[in-house]
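Step one of this worksheet: look at the structure below.
The values are calculated or read from the model by the stated rules, or taken from the named source; none is laboratory data. Bear in mind that the values here come from a model prediction, so they are computed numbers and not experimental data. Cβ sites come from the backbone with ideal geometry, for glycine too, and all protein chains shown count toward neighbours. Areas reflect the complete protein model, heavy atoms only, side chains present, ligands, DNA and RNA absent. Shrake-Rupley method; radii C 1.70, N 1.55, O 1.52, S 1.80 Å.
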Amino acid sequence: MESSQTGSTPLELLSFHNTALRKLPVDDTGEPGSRTVPGACFSRIRTLQPLLRPHLAALSRSALALLGLRDRDVLEDPRAPEYLSGSRLLPGSQPAAHCYCGHQFGLFAGQLGDGAAMYLGEVDSGPQGRWEIQVKGAGVTPYSRDGDGRKVLRSSIREFLCSEAMAALGIPSTRAASLVTSDLRVMRDPLNSGQRSPERCSVVLRLAPSFIRFGSFEIFLGRDEFSGLQGPSAGRHDIRAQLLDYVIDSFFPSIQQDHSDRKDRNMAFFREVMTRTAELVAKWQCVGFCHGVLNTDNMSILGLTLDYGPFGFMDRYDPDFISNASDKRGRYSYQAQPSVCRWNLARLAEALGSELDPAEAGAILDDFMLEYEGFYLSIMRRKLGLVSREEAEDGQLISDLLRVMHNTGADFTNTFRLLSRVPWPEEGDCEREAVGPVVDLILQQCSSIEELKVANMPTMEDRELAMILSMAHTNPVMFSMAAGSPGVAQQLERMGRLKELLETDQEELKEKQRDDWTHWVRRYRRRLSRECDDTSNLSPIKKRRLSVMNSNNPRVVLRNYIAQNAIQAAEKGDFSEVNRVLEALEDPYSDTSGLEPPDGFTACGEKEQREKDVTVGYDRKPPTWAQRICIT
């Protein structure tokens, strides 16, 4: 829609100020191709790489509103697909790519940078704040290495949907304002099978106050003793100081104002980053989200969820859940995420070097798990509706809940949502009658015996596993030492559970699951009864309990099958499912999301698909293999 005063559209009237490029060193050479970029935090992009016939596939109204835009402002602009894909330059924007390094899977990887993302600039939206605009999938940059700088439709849809889903869940995240696809195609091998096929190029317009990350400070690192690599600006402490000043002044103004001493200011900054990171990962854990590539280059300095490559929301609760097929060792498993975030913070401290006091930085890192546990316990209490008092035993109640969920293979999201149906204990009520119906509902969310067999299959290579089992008989001392390592202990635990399952039938399993859930729900009701000492105040506390639980336990999350259904429809040219899913995810606590049937807590098609997957998966390692396992 054009402005009557200027003849420009709302998109063209966005007010860019591009502070980062004015305050930080910029590589302005315009040299084409991938290369090492020393002495700079950004590289200018001189030539745009337009998509072939770009067209809008989806918009997020709430993300566009952060820029002061309405969806009609975009839909009525004939040039919007070009602007939002980086195919045409928005007036005032200055395309650039950000330089950063990173520790990937624990090893320093040297220069990485924006290989497929392009900074367009920063916009001040008044009350909505300051937003950096970035297009992901716009083409080659100096940091593309051997890549083509393009993103395909399936990965773009996942990023678009999950960015907005996380924001709606109340989890700090980068945002996705639009999804543009095109007729340009690139060759990809989605299954890593050696079979490459053409896929449609797509671009997501991303927003964040800043995309600066831990790895942004690692460009100043010297040579790493393990990888032999170094940052492109190794030893440039002057630029490091410049970047640090920019980040604190721009995004942590209260810290800048409260500390006249530079070292004190920097320590306060590092503590704030630690606290934000601890809170972020606690929020992830409490919705069952798992980041699949939790490298230092994917850790936001602002405590945002950054880079939706491999990710996943758990279905069945499993602390060993891994959302990245490439993560063979489980470095970024669900239960490892807090400790990995702390490890990444330690790498940030190393990168900041002399800007921090080493002893104070170490003390701050020592506080990380305490901070994380405090945030986690607070959120979990709300998920259980424990709103009036805190008890020391609450942590054990939560741990025992997760243990029962794991042992019974309960669905994480649906089970927490169901707990609001546990009736408040009333004097004289029959506990069996009160507990029975909700336990029946929870049991519908638990796994079958075949599913649990698959879930407890050892993940270690057969040859490695056979060697360890042989050691148990031939060299008990060596076996005892090996069994003490976390990885081997985990495999032995899996094998022990699998052995029990092989000696159990479905009916016996269901009875055991019922007993476990009945016991825990009774404990939970006893804890609820201590929420109120004064019965005259009972009614408002009961109402508050339900309100708090229903606003902290989402009904829908972006399950893999939901995303895949939307992707499959989009690949056939139908984007209605992407938009329908987006609408549901924007209101995740509503009972009218439209992604699940009215009664229930089993999503459409999910159980049937899971059972199909289980049958196929279990056939790969038949019972005859598993029955040979012997734990002594």
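Summed over the range 1-34, the residues that are of a type in the set (A, V, I, L, M) and at pLDDT below 80 give a count of 1. Taking the criterion of being open to solvent by 20 Å² or more (accessible area, probe 1.4 Å) and either within 21 Å of Arg347 (Cβ to Cβ) or part of a strand (DSSP E or B) (or both), the residues of the range 303-323 that qualify are Leu304, Asp307, Gly309, Pro310, Arg316. Identification of helices (runs of 4 or more DSSP H) wholly contained in the range 475-529 with 1 or more residues that are modelled with pLDDT of 95 or more yields 506-529.
Among the residues making up the range 420-454, those that are open to solvent by 20 Å² or more (accessible area, probe 1.4 Å), touching a residue at least 24 places away in the same chain (Cβ under 8 Å) and assigned to a loop (DSSP other than H, G, I, E, B) are Pro423, Trp424, Pro425, Gln444, Ser448.
A count restricted to the range 189-201 and to residues that are closer than 16 Å to Leu51 by Cβ and in contact with a helix residue (DSSP H, G or I) (Cβ under 9 Å, 6 or more places away or on another chain) stands at 3. Of all residues in the range 102-144, exactly one satisfies the criterion of being more than 22 Å from His291 (Cα to Cα) and basic (Lys, Arg), namely Arg130.
Within the range 97-109, is there a residue that is small (Gly, Ala, Ser), open to solvent by 30 Å² or more (accessible area, probe 1.4 Å) and out of contact with any helix residue (DSSP H, G or I) (no Cβ under 9 Å at 6 or more places or on another chain)? There is no residue in the range 97-109 that is small (Gly, Ala, Ser), open to solvent by 30 Å² or more (accessible area, probe 1.4 Å) and out of contact with any helix residue (DSSP H, G or I) (no Cβ under 9 Å at 6 or more places or on another chain).
Looking across Gln104, Gln134, Gln128, one residue alone is modelled with pLDDT of 95 or more and out of contact with any Lys or Arg (no Cβ under 8 Å at 6 or more places or on another chain). It is Gln104. Report whether or not Ala167 is under 25 Å from the mean Cα position of the chain (by Cα), more than 26 Å from Phe313 (Cα to Cα) and not in a strand (DSSP E or B). It is false that Ala167 is under 25 Å from the mean Cα position of the chain (by Cα), more than 26 Å from Phe313 (Cα to Cα) and not in a strand (DSSP E or B).
Checked against the criterion of being over 20 Å from Ile364 (Cβ atoms) and under 15 Å from the mean Cα position of the chain (by Cα), the range 254-268 has no qualifying residue. Scanning the range 341-366 for residues that are open to solvent by 30 Å² or more (accessible area, probe 1.4 Å), over 15 Å from Phe108 (Cβ atoms) and assigned to a helix (DSSP H, G or I) turns up Arg342, Ser354, Pro358, Ala359, Glu360, Ala363, Asp366.
Could you list, in sequence order, all residues of the range 530-583 that are part of a helix (DSSP H, G or I), buried (at least 16 other Cβ atoms within 10 Å of the Cβ) and of a type in the set (Val, Ile, Thr)? Across the range 530-583, the qualifying residues are Ile541, Val548, Ile562, Ile567, Val578, Val581. Among the residues of the range 419-437, those that are of a type in the set (A, V, I, L, M, F, W, C) and out of contact with any Leu (no Cβ under 8 Å at 6 or more places or on another chain) comprise Cys430, Ala434, Val435. Filtered by the rule that a residue be hydroxyl-bearing (Ser, Thr, Tyr), assigned to a loop (DSSP other than H, G, I, E, B) and open to solvent by less than 20 Å² (accessible area, probe 1.4 Å), the range 324-335 gives Tyr332, Ser333. Checked against the criteria, Pro338 does not count as within 16 Å of Lys283 (Cα to Cα), within 16 Å of the chain's Cα centre (by Cα) and part of a loop (DSSP other than H, G, I, E, B).
Among residues of the range 180-202 that are open to solvent by less than 60 Å² (accessible area, probe 1.4 Å), those with a beta-carbon under 6 Å from a residue that is of a type in the set (Asp, Glu) at least six positions away or on a different chain give the pairs Val186/Asp148; Arg188/Glu199. Restricting attention to the range 367-399, the residues that are under 20 Å from Ala268 (Cα atoms) and either in a helix (DSSP H, G or I) or in contact with an Asp or Glu (Cβ under 9 Å, 6 or more places away or on another chain) (or both) total 7.
Pairing residues of the range 265-282 that are touching a residue at least 12 places away in the same chain (Cβ under 8 Å) and over 13 Å from Leu302 (Cβ atoms) with residues that are of a type in the set (Ser, Thr, Tyr) and open to solvent by 10 Å² or more (accessible area, probe 1.4 Å), at Cβ distances under 9 Å and at least 6 apart in sequence or on separate chains, gives Ala278/Tyr372; Ala278/Tyr376; Val281/Tyr372; Val281/Tyr376; Ala282/Tyr372; Ala282/Tyr376; Ala282/Ser378.
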